[in-house]
Amino acid sequence: MTEIIVSPQNPQYKHLKKLTDSASVRREQQRTLLDGEHLLHAYLQNGGEPRLLILEESVSEPLIWEAWRHVPAIRLTPRLFSALSPVKTPTGLMALIDIPSVIPLSAPSFIVLLERIQDPGNLGAMLRSAAAAGVDTVYLSEGCADAWSPKVLRGGMGAHFATQIVEQADLLGVVRDFSGKLCCAVLDAPHSLFDTDLNGAVAFAVGNEGAGLSPELRAAAHVEFSIPMLGNVESLNAGAALAVCVFERVRQRAGNGR
């Protein structure tokens, strides 16, 4: 019989609520919550196994349950489940997981550096674009939104389990150790992204949504380019700019038969 928790003062529930609300608790415990069957499927497909399944009281057992019948489970009243879920219309299924450990790659060929990206939805979308384009590792500087927050996880749609994510990274140190070239999109660059050779080992750096790249990181770039825009707009959203950049590399490599 699955335990039904009805009080917000329940110790187990209070612990789960802290994980939902606090980046420092998630970082300290190296755990987070996944919301919804889609994220759980992505986690399962990459070899993950949750520590705990969390169901809303009236929700029937999902199909995914069969794969994890041995995993402990609890049920929450609708009020408690809604308070725990990051979405307005919860699916009724969540899971407590360990944040995957990062295994450093000896010679990555495709990395992304994100500097002080603060909007969780934007960060989730950027991680999704990076994973879809085959990026090996995404490095996040201090000041970025917490990559493993429920909102970023929802925006990533499983990307967290398809690429490596390194938080609190020294981006200048990453550049020094990287064997390839660091590429940055800037408004005043004389050369276009589409005229830039993106073969070989490549890193893209994207800065804060408002301030852009820091002078130090921009100075470390080997290549600067602009993204051609035909419409009368000043610039692209940081997430859109990253998507254009990483998929231009995909296009160039596909054209070379790689």
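The values are calculated or read from the model by the stated rules, or taken from the named source; none is laboratory data. All values derive from a computational prediction rather than experimental measurement. Cβ placement follows ideal geometry from the backbone for every residue including glycine, while neighbour counts extend to all protein chains displayed.
Applying the criterion of being under 18 Å from the mean Cα position of the chain (by Cα) and among the polar types (S, T, N, Q) to the residues of the stretch 1-50, the residue that is surrounded by the fewest Cβ atoms within 10 Å (Cβ to Cβ) is Ser24. For Val112, the requirement of being surrounded by 23 or more Cβ atoms within 10 Å (Cβ to Cβ), assigned to a strand (DSSP E or B) and free of Cβ contacts under 8 Å to residues at least 60 places away in the same chain is not met. Figure legend. Inter-residue proximity from the stretch 156-172: first residues among the β-branched types (Val, Ile, Thr), second residues part of a loop (DSSP other than H, G, I, E, B), beta-carbon distance below 6 Å, spacing 6+ or different chains. Indicated pairs: Thr163/Val135; Ile165/Ala147; Val166/Val102. Counting only strands (runs of 3 or more DSSP E) that sit wholly inside the stretch 115-217, those with at least 1 residues that are surrounded by 16 or more Cβ atoms within 10 Å (Cβ to Cβ) and at pLDDT below 95 are 181-185. The one condition from (1) out of contact with any strand residue (DSSP E or B) (no Cβ under 7 Å at 6 or more places or on another chain); (2) farther than 26 Å from His15 by Cβ that His70 does not meet is (2).
Residue by residue, here is whether (1) among the small types (Gly, Ala, Ser); (2) touching an Asp or Glu at 6+ places or on another chain (Cβ under 8 Å) holds:
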{"position": "Tyr43", "(1), (2)": "no, no"}
{"position": "Leu52", "(1), (2)": "no, no"}
{"position": "Ile74", "(1), (2)": "no, yes"}
{"position": "Phe81", "(1), (2)": "no, yes"}
{"position": "Leu93", "(1), (2)": "no, yes"}
{"position": "Asp98", "(1), (2)": "no, no"}
{"position": "Met126", "(1), (2)": "no, no"}
{"position": "Ala132", "(1), (2)": "yes, no"}
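All told, Ala243 falls short of being assigned by TED's automatic domain parsing to the domain that holds Val135, modelled with pLDDT of 90 or more and in contact with a Gly (Cβ under 8 Å, 6 or more places away or on another chain).
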